[in-house]
Amino acid sequence: MSRIPSRVTEIAEAIKVMKIRGAGRIARAAAEALKIAAEEYVGPVESQAFLDYMEKIGSYLKSTRPTAVSLPNAVGFVLLRLRRGFEAGLPVPKLRKVVIDAAETFIRNSRLAVEIIGRIGSKRIRDGEVILTHCNSSAAVSVILHAHREGKRIKVYATETRPRFQGYITYKILKKAGVKVTLIPDSAIRFFMKDIDKVVVGADTVTANGAVVNKIGTSLIALAAHEARVRVFVAAETYKFSPMTVLGELVEIEERSPLEVVSKEYLDTNPAITIRNPAFDVTPPEYIDAIITEKGLIPPKAAILVLREEFGRIIEEGILSIVEESFSKEF
Ligand code: RUB
């Protein structure tokens, strides 16, 4: 089998160490990696060998980070089209083109989705409002930037987002665009909530019941916002919706190294210390007012409708295989 090209391993490594981060960027990087893999394939001319190689690359990319469903959805988008081409009997050069076209389509649609979300979401922001955002979400930033460009005199609070400080990226982007932005420690959220009109955050995964998995701390923000009757908006492309959750699967929450929380010196001098570092948490649908997608604004409970429309076939096939397994057992 053709070996994994070094440009693909570089992308996978960059996702792992978070040089490439944020669910949308991760998804686009994975699509790009699949495109590179197809372009650089030098294995046997049999279609089956090409399919096996691409499936292997897909699994490898999916193993880099576990929580954002945008990653398996991006890989699935490309490989589904490859499998269809394979079943139609296409030869390797044609299959290669199928992968390249699918990857480019995914990347283009993904960028367009962020833009559309910005336009839709900004309509919900009024002149003079104060927005709170968390972490660094391209979709949430798109909403804020559109509101700003439309001339709305908004003010933004951006959390630091410990332990990886992605809030600094948000701060920098907004500042550069001329938005009035203030950086605050994560623990100051409730202190500032009385000044805030709307919370706008992104998503790594949206589940079948409308719960949103996003950067650790999001659920605390939503809880504080709920208490203060502040509206919470989640900006999420439809490829952040998880078809596997319809089949009962739980979203794996990534736990990262304690070295993101304390220094190596501290760890070395306190070897018995226990540290946990979950990277994401789950905000229940009750604490979310609306999810802004590129297909429109929806209440979180309507997540299942998006899932049925976008991933209907995958869900049907999943249900079918569960039914088949059940029939093969005696009950
Ligand atoms: C990033 C994060 C972002 C979402 C949405 O976590 O939680 O809010 O991924 O981002 P990490 P986007 O930094 O650990 O990847 O809207 O850009 O897809």
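Here is how the numbers come out for the structure above:
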| quantity | calculated |
| --- | --- |
| Region 38-165, relative contact order [Cα under 8 Å, separation at least 6], % | 20 |
| Using distinct alpha-carbon pairs, which all enter the 1/r mean, Kirkwood radius of the chain in Å | 21.1 |
| Surface accessible to a 1.4 Å probe, SER59 within the full protein complex, Å² | 70 |
| Under 12 Å from the Cα of LYS301 - aspartates and glutamates, other chains or at least 8 residues apart | GLU286, ASP289 |
| Spin-label model distance (nm) - VAL130 vs SER321, 7 Å beyond Cα toward Cβ | 5.0 |
| Between helix 218-227 and the chain: long-axis angle, C-alpha atoms, 0 to 90°, nearest 10 | 40 |
| Cα-only radius of gyration and Dmax that characterise region 6-115, units Å | 13.2, 41 |
| Distance between modelled label sites at GLU40 and TYR168, nm, 7 Å Cα→Cβ extension | 3.1 |
| Principal-axis tilt of helix 138-149 within the chain, Cα atoms, nearest 10 degrees | 50 |
| The chain, accessible surface, carbon-and-sulfur percent (1.4 angstrom probe) | 56 |
| Pairwise centroid distance, computed over Cα atoms, of region 171-220 with region 221-295, Å | 12 |
| Lysines with Cα under 22 Å of LYS175, excluding same-chain neighbours fewer than 8 positions away | LYS19, LYS123, LYS152, LYS155, LYS198, LYS215 |
| Heavy atoms of GLU324 accessible to a 1.4 Å probe, total area in Å² rounded to 10 | 110 |
| Helix 47-62 vs. the chain, principal-axis angle (Cα, 0 to 90°, nearest 10) | 20 |
| Net charge over other residues, Cβ less than 13 angstrom from the Cβ of ALA279 (K, R count +1; D, E count -1) | +2 |
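The values are calculated or read from the model by the stated rules, or taken from the named source; none is laboratory data. Small disclaimer: the values here were computed from a predicted structure and weren't measured. As a convention, Cβ positions derive from the backbone with ideal geometry for all residues, glycine included, and neighbour counts pool all protein chains shown. Ligands, DNA and RNA are excluded from the accessible area calculation, which covers all protein heavy atoms including side chains. Shrake-Rupley method; radii C 1.70, N 1.55, O 1.52, S 1.80 Å.
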